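Undergrad: The structure under discussion is supplied below as structure tokens; questions concerning it will follow.
Values quoted throughout were computed directly from the atomic coordinates according to the rules given, and no laboratory measurement underlies them. Since the structure is predicted, the reported quantities are computational estimates derived from the model, not experimental observations. Every residue, glycine among them, receives a Cβ derived from its backbone with ideal geometry; neighbour counts consider all protein chains shown.
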Amino acid sequence: MNKEEIKTVLEILKKNYPDAKSELSFKNPFELLIATIMAAQSTDRQVNIITKKLFELYPSPEDMVKLSEEELGKLIKSSGFYRNKSKNILKACEILLKEHQGEVPKTREELVKLPGVGRKTANVVISNVFGQDAIAVDTHVFRVTNRIGIVKAKTVEATEEELMKKIPKDLWSEAHHWFILHGRRVCKARKPLCEICELRQYCIYNRKLRNES
């Protein structure tokens, strides 16, 4: 996909998803950090159900760290992989208290040092609560951008690197949300809704389908 096609695709996505934003519910950096850790292998909807009660009871690292892994695990069980998540969340809370005065660090470099926080999670946090330009590549972003042909990459890391080169920096954060919503609503994993997709004339995947038919 050339520069002009990418520009057009982004304009279409912006038109279709003008109010795109994170679908995780949060009030502050700590809540988004914990919710994003919990969202791995889960859905935003399910995480929001869990965190609504969790953050009412344990709104800060100081409160949450008082829980045992078993106690926290029971509260977040329905998010999946809850044992590992509870372990990481509690360790992350300890580090926040010991090394960051209970505050969530504002840099990607510091965030990825926290248990359960990879580059994607760090990018979600710095983008959504600290206003930094970042592209968080989740399964939707990876699938959509490779499928339509903005990038051609085999890994999440390579996808992020290519997107950073091909998309203007001031659009990174917005584009991330556009790709996610498009992946959830139209360019679905198992059965993409190509017939209603406004990107189909630019999409490499759709071109292949037309050529095969």
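Undergrad: Using a Förster distance of 22 angstrom, determine the FRET efficiency expected from the C-beta separation of Glu70 and Thr43, and round it to 0.05.
TA: The value I calculate is 0.35.
Undergrad: Using only Cα atoms, tell me the angle between helix 172-185 and the longest principal axis of the chain; keep it within 0 to 90° and round to the nearest 10.
TA: With rounding to tens, the tilt is 80 degrees.
Undergrad: Calculate, for Gln132 and Lys87, the FRET efficiency according to 1/(1 + (r/R0)^6) with r their C-beta to C-beta distance and R0 25 Å; round to the nearest 0.05.
TA: Efficiency, rounded to the nearest 0.05: 0.35.
Undergrad: Provide the gained length on full extension for the span Asp170 to Lys152, in nm with one decimal, where the gain is 0.36 nm per separating residue minus the Cα-Cα distance.
TA: Length difference between fully extended and current span is 4.3 nm.
Undergrad: Right, another one. Could you derive backbone 3J(HN,Hα) for region 204-212 from the dihedral phi with the Karplus parameters 6.51, -1.76 and 1.60 (θ = phi - 60°), listing whole Hz in sequence and x where the residue is Gly or Pro?
TA: 5, 4, 5, 4, 4, 4, 5, 5, 7
Undergrad: Let me ask you something else. Anyone know which of Lys120, Lys27, Lys166 comes out most mobile in the 10 Å Cα GNM of the chain?
TA: Checking each option, the largest mean-square fluctuation is seen for Lys27.
Undergrad: In the calculated pair distance distribution of region 29-128, what percentage of Cα-Cα distances lie above 17 Å?
TA: In whole percent, the share of Cα-Cα pairs in region 29-128 beyond 17 Å is 44.
Undergrad: Here's a follow-up. Place a point 7 Å from Cα of Glu103 in the direction of its Cβ. Which residues in region 113-157 have their backbone N less than 18 Å from it?
TA: Taking a point 7 Å out along Cα→Cβ of Glu103, the residues of region 113-157 whose backbone N falls under 18 Å are 113-114, 125-132.
Undergrad: Would you mind ranking Met64, Met164 so that the residue whose beta carbon has the fewest other beta carbons within 10 Å leads the list?
TA: Fewest to most other Cβ atoms nearby, the residues stand as Met164, Met64.
Undergrad: As a check on your grasp of the helix formula, calculate [θ] at 222 nm for the chain: sum -39500 (n - 2.57) over DSSP H runs of n ≥ 4, divide by the residue count, round to the nearest 500.
TA: Rounded to the nearest 500, the figure is -17500 deg cm²/dmol.
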